[in-house]
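Undergrad: Sharing a structure below in structure tokens format, with a few things to ask.
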Amino acid sequence: MPESPDRSVERGRSPARPGGVRRDIPQEEIPNLLKLLDELEKNNMMLTKAILDDPVIHARTKGVGIFDKAHCRMYGALGPTARSAGSRRWSRRAMPPSGNLPTCVRGST
């Protein structure tokens, strides 16, 4: 039974290699691959146009800015979001859970 592509990649047996592939594509498979690529390109273009022309996506993404420390405090953001804004406040340190979880956080400020 052949391995799934995901498992073969995990085991280092992917056909993709730096600089090329492990083996050539059989000549009889090339028309099937070209047909598949054409179909994927058509579907990708359709989705790309739908996203680029969607007013809802534009309304939700235009004018979106940086979530700074003040906004983190205002909205109660914690974890990676707060740390990426430069906040050193960490909920595990402020309200430690039971157990032995690490509480060392490196912040920029």
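Undergrad: Restricting to segment 43-73, give me the number of residues that are among the charged types (D, E, K, R) and loosely packed, with under 10 Cβ neighbours inside 10 Å.
TA: Residues meeting the conditions: 2.
Undergrad: Could you please let me know if Ala77 is in a helix (DSSP H, G or I) and at pLDDT 70 or above?
TA: Answer is no for this residue.
The values are calculated or read from the model by the stated rules, or taken from the named source; none is laboratory data. Values in this document were obtained by computation on a predicted structure and should not be read as measured data. Here the Cβ is made from the backbone with ideal geometry for all residues, glycine too, and neighbour counts use every protein chain on show.
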